[in-house]
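Just below is one structure, and these are the notes that go with it.
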Amino acid sequence: MSQQVAAVDTLFCHERSDGDFTVAVERDDERVLHGRLELKETDAGPRPARLRVRDGSEEEPHPPDQFVEIARRAARIRISEQTSRAGRDRLRAMFAGYQLADKVKAVRTCRRCARDGRYAPLTEATAIRADDEHICRSCAMRELDREANFRGLRSGARERLEELLLDVGDLDRITDLLSGDLDPEVTRFDTVSATTDEIDLVDTSTLSLHPGIQSKLEARFDTLLPVQSLAVENGAVDGADQLVVSATATGKTLIGEMAGLDRVLSGDGKMLFLVPLVALANQKHEQFEERYGDIADVTIRVGASRINDDGSRFDPDADIVVGTYEGIDHALRVGKDLGDIGTVVIDEVHTLGEQGRGHRLDGLISRLKHYTESRGYDAQWIYLSATVGNAEQLAHQLRATLIEFEERPVPIERHVTFAEAQEKPRIENRLVKRAFDTRSSKGYRGQTIIFTNSRRRCHEVARKLEYDAAPYHAGLDYGRRKTVERQFGNQDLAAVVTTAALAAGVDFPASQVIFDSLAMGIEWLTVQEFEQMLGRAGRPDYHDEGRVYLLVEPDGSYHGSQEMTEDEVAFKLLKGEMESVRTVYDESSAVEETLANLVVAGREAKRLNDRMIGEVPTKHALGKLLEFGFIDGLEPTRLGRVVCRHFLAPDEAFVMLDGIRKGRDPYKVVADLELREEA
């Protein structure tokens, strides 16, 4: 026994419910003995009566004098403060009887550890509140781990909860978070501070633009915003091609407007303003009509015209053409004359990095450059984005000057809480009400954008909110979408519930963004998409700050193909770095873009391929086009032109051809195509 407890650091005693004492001996922070001590009263005072040492689940009796030997060898003797006053007095009297009183001290300890024979002293810095008492960090972590296991939480969420536990020091507040609690001190992940770089602002009166646009700018602004000033100083209104990377609501769009309208009014060609979504094109078209309709003709060209190309809304002779990528690309593929083009503005240019769509924007830019060059136009190109991880590289590939400005006009608080899918609307309702019932210093109510993963969920969540709310997605007709936009702008709606449509820049001045889901469809969000969405929270002309809430379903996923769970994804997104924008070509996309370049540029198609952002395997693509019967030599066949006109991937074309040749019902052919996409 004496050998076992040699060089003991601590002897710890804690009163049991039966009046005996749990004793523990530690050396180098490891327990080397755990036992039970019974005292007896003698004429000399309390003395050890029995000592039983635990060996596994059994207790073995030891001579009580060995406890005295342990006490003498201990560097310090500690008594738990949770021991009753009478119990402490008896222990102190016993140790004093052996001249050991100077070693004895009563300390605050973890009751759970003490009960199990572990010495865990508590300080203000280490104590964790739990069930109206304080416990040690180890016990709190074990309790949290049990709760996390029950909820199915993965590593990212566990790490965050552990960080919060140590920061907050309250186990109940952290476990409440797993039930959708909205305590801001617990839910807050971080605050992205507002930043303002010191930049000399350009006075609008010094711009020397065409009087038509100059007068409008001077009527609206005394000075340009910082990113606009940077762009002007680097040649934006002198014909320089630029890639402008700056946060949402910093004024990027006006850079393209200034450059384009100046050229339009000076007779140097029309402006194309291109966006990824029909909803965004409609909004930009309406804005441009309102702002510039008295000095320029404005028209719109969207992808829907690929199906029914009656030209009812599109005027190729207009001064300003607002279009979707696909709408303008379709015009090129079918040989429409777009007139003299002086300025091309590509909004949301980070779409180049999107799987499935990136290659089409890459091809469009190359084809549009061919169109302007072949007609002798010296067009100016302005590319806009809030989110690019490799801005310098992309600017070089686009042959554009990089204008990068990292200002955030208002701070954004980012919050995380956990909830099952059926509980999320209840939490969203509380957040929406809280925001709408609050006014900013500018006098505006707080309004909310809720992002979710499906159109059906949009309607489901909107119905469950107590304050006025509306779904907003591409499945709504144009009139309904415009009504929602107007109601939100008039502050008649507390919230809109949407899918990806609002992420791409449709202008809703929201103070709060809620992520009902971290997926779009069956795919998890990328960091780039996530940053684009949360950037919608907080507008400098309306709000003092923005708030973002992630409602995370522990162990949740939305499709069997998703390997990660929502709690893992949440912290990957919050801690992630912006992805680089790169266009990657597989065989199908290489064949599609090479065919489109052949249709538009004929034998110059290789030159178009070579200057695209992504690396296109031209020789292999040409071989496949010949094999598929889409080209004859370098001339597109009738089949090839149809495939190109309708933006069909080769395998989609073959599914349709096979169905037509076999006389299958068209709806069944469409069903086969849908099943292919889900496979």
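Before moving on, here are some points about what is shown:
- Working note: Cα atoms of the chain, range along each principal axis, descending, whole Å: 115, 64, 46.
- Neighbours of Lys216, meaning other residues whose beta-carbon lies under 10 angstrom from its beta-carbon, give a summed charge of -1 when Lys and Arg score +1 and Asp and Glu score -1.
- Using just its DSSP H runs of length 4 or more, each adding -39500 (n - 2.57), the chain gives a mean residue ellipticity at 222 nm of -11500 deg cm²/dmol after division by all residues.
- Surrounding net charge for Cys644, when Lys and Arg each add one and Asp and Glu each subtract one, Cβ distance under 9 Å: +2
- Share antiparallel - DSSP beta bridges, the chain, percent rounded to 5: 40
- Checking every one of the trypsin sites (Lys or Arg not before Pro) in the stretch 6-67 against DSSP loop status and a limit of 16 other Cβ atoms within 10 Å picks out Arg16.
- Relative to the compact-globule estimate of 2.2 N^0.38 Å, the Cα radius of gyration of the stretch 1-70 comes out at 1.09.
- Residue-by-residue Karplus 3J(HN,Hα) for the stretch 390-407, coefficients 6.51, -1.76, 1.60, Hz, glycine and proline x: 10, 4, 4, 5, 5, 4, 4, 5, 7, 6, 10, 6, 7, 10, 10, 9, 9, 5
- Surface composition of the chain: carbon plus sulfur atoms contribute 44% of the solvent-accessible area (1.4 Å probe, protein chains only, all chains present).
- For Thr223, residues with placed amide H under 5 Å, excluding near neighbours: Thr204
- Most tightly packed first, judged by the mean number of other beta-carbon atoms within 10 Å of their residues, the peptides 315-324, 547-556, 172-181 read 547-556, 315-324, 172-181.
- Annotation: cysteines of the chain without a disulfide-compatible partner (Cβ-Cβ under 4.7 angstrom) are Cys13, Cys139, Cys458, Cys644.
- Principal-axis tilt of helix 424-436 within the chain, Cα atoms, nearest 10 degrees: 70
- Solvent exposure of the chain amounts to 44 Å² per residue of accessible area, where only protein heavy atoms count and the probe is 1.4 Å.
- Looking at the stretch 141-238, the GluC sites (Glu not before Pro) that sit in a DSSP loop and have at most 11 other Cβ atoms within 10 Å of their own Cβ are Glu198.
- With respect to the chain, whose longest principal axis is taken over its alpha-carbon atoms, helix 666-678 is tilted by about 40°.
- Neighbourhood charge, 9 Å Cβ-Cβ cut-off, centred on Leu608 and excluding it, Lys, Arg +1 and Asp, Glu -1: +2
The values are calculated or read from the model by the stated rules, or taken from the named source; none is laboratory data. Being a predicted model, the structure only gives us computed values, none of them experimental. Backbone-built Cβ (ideal geometry, glycine too); neighbour counts: all protein chains shown. Accessible surface is based on the protein model in full, side chains and every heavy atom, while ligands, DNA and RNA are left aside. Shrake-Rupley method; radii C 1.70, N 1.55, O 1.52, S 1.80 Å.
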